[in-house]
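First comes the structure, then the notes that go with it.
The values are calculated or read from the model by the stated rules, or taken from the named source; none is laboratory data. The shown structure was predicted, so the numbers you read here are calculated from the model rather than taken from an experiment. Ideal geometry is used to build each Cβ from the backbone, glycine not excepted, and the neighbour counts take in all protein chains shown. We work out accessible area using only protein heavy atoms, side chains counted, and drop any ligands, DNA or RNA first. Shrake-Rupley method; radii C 1.70, N 1.55, O 1.52, S 1.80 Å.
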Amino acid sequence: MNDSIRLEPDKIIKTIDLLEKRVADRFPNSGLNTLCLQFLNTTQKTKQNIEWISSPNITLRVFSYLIILIGLGGLVYSITYIDLKLGKTTLANVVTISEAIFNDIILLGAAIFFLVSLESRLKMKRALKSLNELRVIAHVIDMHQLTKDPNVTDLSESATENSPKRSFTPFQLQRYLDYCSEATALVGKVAALYSQSLPDEKVVRAVNEIEILTT
C-alpha cells in the first residue's frame, strides 16, 4: 500500500534556501534578497509550528481532564448530599432541586466543551496568526515586482520626475519577475502545510485565500 502524498517542510525549506541564494547571486543587497531571507526564517518557524500543532499537548490534556473529573465529582457529591438531607419531599422541593441540578449540568457541560476544545483552539489561533504573516509576505513580494516590467524601457527624455528609476536590463527584470513568481508559489506551499496538519474549516479557508492570492 502506497503512503499518502504529503508536503515535506524540510524540502520546502531547502527550496526556499536555494531561491534565496539564487537571488543573492544575481541581486545582492536587494530588497528581494532581504525579503527572501525573512521568508526563509518564517518557513523555518512554520516547521516548528507544524510540529507543535501535530503533537498532542499532554500537559494541557491532563489539566483539562483533571478539571473535568473534579467538576463531575463535585456534581455527584452535591446530588448525594441533597438526597441525604432531603427530609420531606414536596413538589416545590423537587422543582427547586431539579432546577439547581439542571443548571449545574448546563454549566458543567459548557466547561467541559471549553476545556476539550481548548487545545484545538490554541493550535488554530497560532496557525491563523502564521498564515496572516504569509499573506503579508505575498503582498510585499507583489510590491517588489510592481515596476519590474521588462517590456517597459523609459528613455531619459520620456521619463517624468516621478518615474521609477530603471537600472536593470530587460534580462535582469525578467529574472527578477521569475524569482518573485517562484517566491509567491512557495508562499502558497508553506501555507498548505497548515491545512495539511490542521484541517480546520477556518484554517483551510485562510489557506485557500492565500493560494488564490499567490496565484
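Restricting attention to region 23-42, the residues that are more than 23 Å from the chain's Cα centre (by Cα) and either open to solvent by less than 30 Å² (accessible area, probe 1.4 Å) or aliphatic (A, V, I, L, M) (or both) add up to 6.
Table: residues versus (1) exposed (fewer than 11 other Cβ atoms within 10 Å of the Cβ); (2) of a type in the set (S, T, N, Q); (3) at pLDDT below 75.
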| position | (1), (2), (3) |
| --- | --- |
| 69 | yes, no, no |
| 83 | yes, no, yes |
| 88 | yes, no, yes |
| 94 | no, no, yes |
| 99 | yes, no, yes |
| 106 | yes, no, no |
| 118 | no, no, no |
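Pairs are defined by a Cβ separation below 9 Å, a sequence spacing of at least 6 or placement on different chains, a first member in region 25-48 that is among the small types (Gly, Ala, Ser), and a second member that is surrounded by 14 or more Cβ atoms within 10 Å (Cβ to Cβ) and in a helix (DSSP H, G or I); the pairs so defined are 30/23; 30/24; 30/144; 30/176; 31/140; 31/144. The residue that is farthest from residue 149 (Cα to Cα), among those in region 179-203 that are open to solvent by 50 Å² or more (accessible area, probe 1.4 Å) and part of a helix (DSSP H, G or I), is 201. For the structure I just gave you, tell me whether residue 20 is within 15 Å of residue 190 (Cβ to Cβ) and exposed (fewer than 12 other Cβ atoms within 10 Å of the Cβ). So residue 20 does not fit the description; no. Checking each residue in region 22-39 for being more than 17 Å from residue 181 (Cβ to Cβ) and not β-branched (Val, Ile, Thr) picks out 24, 25, 28, 29, 37, 38.
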